[in-house]
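Single-structure report; data block below.
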Amino acid sequence: MGYSAYLKPRQEAISEEGIEGIIDLANLKDESRTKIEARPDNFFKLTYPTTDVIKVLDEINARFSSSKKTSGLFLFEGLKGSGKSHLLLMIYHLFKNHRIALEWLNENGLSCKIPQDAVAIINKFTDDPHDSIWNMIFEALGTEAKKGMTHPKLAEFEKALGGKKIVLIFDELEQGIKVIGDPALQAQNIAFLQMLSEFSNRSKRVTMFASIYSTQEEPGSTLKRVPRCVVQFDNAKDQTHIILHRLFENYKQFDRTSILPVLDSYVQLWNKHAPIDQEELKAKFNDTYPFSPSLMDIILKKIPARGGFQNVRGALAFLGNLIRLTHTGNDIITPADVSLEDKATIIMLKDLDLSGDLINRAKENMEDLIPRVPLARQMAPTVLLYTLTGLGADIGVSRDHLIRDILSPSTDINAVEQTLMGFQKYASYFWHKDNRYYFDLEENSEAKVEFKSLQYTNAQAREELYEILKSDIFRETVNSAIFGSVEQTQELLKQFDRSRLRYILTGRRLTQEERHQIYYGMDIRNLILLLEPKDDKFQLANDKDLLKWAKRCLAARDLADSTRNGSRQNDYNRVAGTDKRYIVERIKKAGLVFVSWEKYGSSVTEDRIELEPLAGDLSKDKVLDKLNQDYFPMLRFKEHLEGRIDQVKDCLVKEIVAEYRATLGFPVPLFARSVSNAIRELCKEGVIGIQHSAGNFCNINPSLTETELFNAKVTDPFEESAKIELCPKCGQFPCRCEKPSQECPVCGQYPCQCQTPPVVCPICGKEPCECPKKESLTIRIPPQNSIGSLRQETAYRLQDYEDGIIIRVTYKIFLQKNNIGDLSTLPSGIRGSLSGEADITAEITISKTGTFSKSQIEQHIESLPVISEADFFVDMEVEVTK
């Protein structure tokens, strides 16, 4: 049952115009009597007998009904909207409209003897200023003050007063003094007021009621020296009564016991989820019903402390508007019933947020979340009220207060929790710190990104995941495809360069049927590498966390691109980077396996595969290194070729390479020389021969470039070269033992003892000379895969020509490499400033002429440019003697 069943809202409270909370004494002059100030009967109906009212009535009664000495000065001290003008108007009507006033007193069980012959002089100084207050009083008494240098003396005033009793009612008295420009005249007015106040304490013929803002300023600082009756409007319970009486017609008469079941149901529910002293809360609720104690605390304590709403006057307007919005259905009214969609509410809240920026931020978040959480319209205004009215560490609201303000018997606690989580997650200006929730002008980039991410579809998120997998994890975008379907994957593979490795990355484990279909009908299919997650439960395209992170990455990037604020861009980029890192870590954790084909059958049932795990870094280069070292080293190709020698004989090397690239179940040639290096080894070991127009080779590494070797033919092995015999003494070839000194062929002595040198060759000792003649030989070192290997092979070959002189040398470096992930890994001398993915073929030839020793040649080789995966050749012309 709604609160309107117990308390009847006044018509003005539920009207579009709302409550008129301002009492303006100037409206007493309204002859049309449309203003409430000029209608004492209506005015008294809206006046609640507060403790302050009763205090003033008691003082007035004592002053005019007994001989007891009482104060004749009443000072009403308070800020705007606290009720000073209302109390002054009530006093005016007490003395001016005796019958109506008496009815009201009797109705409220009050008594106050009011002299009927008193002259009430009332003035609102902001509307009717006077440079001489005494002139106004003398005029009301039907006389005129004598002109002089100072204010009238007391004797002159008493003479003018005669036997009359006057009641002086002054509103905005401070302003009346401030507007007097002449300091001397201002001082005279203050002195005159002091004279009247002192006289009122000696005589009951003058009673003065004055409203001031503070006793720290004139005339309050002067008047406070006189004994007086002070009203400061600081009783919170009075304020509650005034508001409720002003808003509800039957507030004083309604049966409070009738609402106890309502209070019990709410308090018990709140206590269940946010424990509190139930009896204390019910007692407070009984005083504030239908408003919750928390709402009244905000309106009557927090807001005035912030200097907003002009005390009771502002509270009446705000709460009256709440009644207009809720009177048809609400059981009670809490902060959650404040509407950020109501124009009047927004205008009043701007008294607490002059720019309206924070209100707009909260409203924006609310509107964003209305379609997504059940209680957005209740959560946003509740948190906003506590934010606008808090000070220091008290800004915002705790979870328990939120529950008590939002939860009702018709609301599920889960809906409250869901809404709170939604605001924390998606509301870009909603913050949670030190167990308090609040709005702030500083944007919460995490929440902004989270909310923005809701705009993206799963399909868009999957595309982002696929791109991260290719670019950031596998680091190959040109010749790689993410498996979506067999048809789509085959179409992509056909578009790729078939001479290079092609990669298929799957976001899940495929069925054998899918694997079989991918390779069916494809060209050069042994160069298609199928890589699947090691974790057989992993689902890249359907993992909820991955999809969420991908959407956040998209949102953060879009937000960063859409703002010119450098700080916000950094925040968004930080969020994007963090979420991408989560994606990368999650995918890497799933790992990779390589689908290795042992046999590709005519049907799925005949297929045989092995899933080879690939540990560590999942980048393409590291994957290839792992496959090359663990699964497809040169030895495997060599053994595989040895097992099918009869099939490769009489074939060109390039035909054999093409066969290995095309045949599933064969070792996968990961690099351009995977097969050719194995063929070189077989030739070196004498298993096969190599026939080429540049020469026939067996038992040695063919001294052919890769291009020449590709066009060479594999043959049966032919006669092996003579075996090298090592020196039995030094173990070297050729022998390096120290040679004996050569004796003179004439005297037989060493050194020669002949008196006359013999006319013979000093070397061979014969005439004519029979020394060996010089002859030039060409020594060709076959391609080596490193500078170290080239130096060792060259040194080994030059051992046969220890006494020879090298007169010309040519160094060749040949590099042919496909699928280079990044050119910047190569020396700049062969790539310039180019970088990125590419294929490369390079040949460097360096020739030197002169006289070189074996050690010099070795130094040359060590000085050659180091190029990974290149072939290194040396051709030498050696001069020897025979």
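The values are calculated or read from the model by the stated rules, or taken from the named source; none is laboratory data. Treat the numbers as computed from the prediction; the structure is a model and nothing was measured. Note that each Cβ is placed from the backbone with ideal geometry, even for glycine, and that neighbours are counted across all protein chains shown. Keep in mind that these areas ignore ligands, DNA and RNA; they rest on the heavy atoms of the full protein, side chains included. Shrake-Rupley method; radii C 1.70, N 1.55, O 1.52, S 1.80 Å.
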- From Asp607, Asp571, Asp561, Asp617, grab the single residue that is in contact (Cβ under 8 Å) with a residue 40 or more places away in the chain and out of contact with any strand residue (DSSP E or B) (no Cβ under 9 Å at 6 or more places or on another chain). Asp571
- Item | All positions within segment 210-222 that are more than 15 Å from Phe192 (Cα to Cα) and in a strand (DSSP E or B) | Ser211, Ile212
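Let's see how each residue does on (1) within 22 Å of Tyr631 (Cβ to Cβ); (2) in contact with a Ser or Thr (Cβ under 8 Å, 6 or more places away or on another chain):
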{"site": "Asn526", "(1), (2)": "yes, yes"}
{"site": "Leu531", "(1), (2)": "yes, yes"}
{"site": "Gln539", "(1), (2)": "no, no"}
{"site": "Trp597", "(1), (2)": "yes, no"}
- Query: Given (1) part of a loop (DSSP other than H, G, I, E, B); (2) over 19 Å from Thr207 (Cα atoms); (3) not basic (Lys, Arg), where does Gly142 come up short, assuming only one miss?
  - Reply: (2)
- Item | Enumeration of residues in segment 780-807 that are open to solvent by 30 Å² or more (accessible area, probe 1.4 Å), closer than 19 Å to Thr705 by Cβ and not small (Gly, Ala, Ser) | Arg780, Asn785, Glu793, Arg797
- Query: What about Leu402, is it more than 24 Å from the chain's Cα centre (by Cα) and at pLDDT 95 or above?
  - Reply: yes
- Message: Residue pairs, Cβ under 9 Å, 6 or more apart or interchain, first in segment 127-144 and of a type in the set (A, V, I, L, M, F, W, C) and modelled with pLDDT of 90 or more, second open to solvent by 60 Å² or more (accessible area, probe 1.4 Å) and outside any helix (DSSP H, G or I). List them.
- Response: Phe138/Glu144; Leu141/Lys164
- Task: Grab the helices (runs of 4 or more DSSP H) fully contained in segment 12-122, keeping just those with 2 or more residues being surrounded by fewer than 20 Cβ atoms within 10 Å (Cβ to Cβ) and of a type in the set (A, V, I, L, M, F, W, C).
- Result: 51-65, 98-107
- Item | Scan of segment 594-633 for residues that are touching an Asp or Glu at 6+ places or on another chain (Cβ under 6 Å) and among the polar types (S, T, N, Q), ordered by number | Ser596
- Item | Which listed residue, of Ile359, Ile406, Ile370, Ile395, is of a type in the set (Val, Ile, Thr), free of Cβ contacts under 8 Å to residues at least 60 places away in the same chain and open to solvent by less than 30 Å² (accessible area, probe 1.4 Å) | Ile359
- Item | 2 or more residues crowded, with 16+ Cβ neighbours inside 10 Å, modelled with pLDDT of 95 or more and under 36 Å from the mean Cα position of the chain (by Cα): qualifying helices (runs of 4 or more DSSP H) within segment 438-541 | 458-468
- Message: With the requirement that a residue be polar (S, T, N, Q) and part of a helix (DSSP H, G or I), what does segment 387-437 give you?
- Response: Thr387, Thr389, Asn414, Gln418, Thr419, Gln424
- Message: Step by step: first the residues of segment 288-309, then only those that are open to solvent by 50 Å² or more (accessible area, probe 1.4 Å) and in a helix (DSSP H, G or I), then the one that is modelled with the lowest pLDDT. Which residue is that?
- Response: Ala305
- Task: Select from segment 635-650 the residues that are within 14 Å of Phe666 (Cβ to Cβ) and in contact (Cβ under 8 Å) with a residue 40 or more places away in the chain and list them in ascending order.
- Result: Phe637, Lys638, Leu641, Glu642, Val648
- Are there any helices (runs of 4 or more DSSP H) wholly within segment 600-703 with 2 or more residues that are crowded, with 19+ Cβ neighbours inside 10 Å, and if so which? 620-626, 634-642, 653-662, 674-684
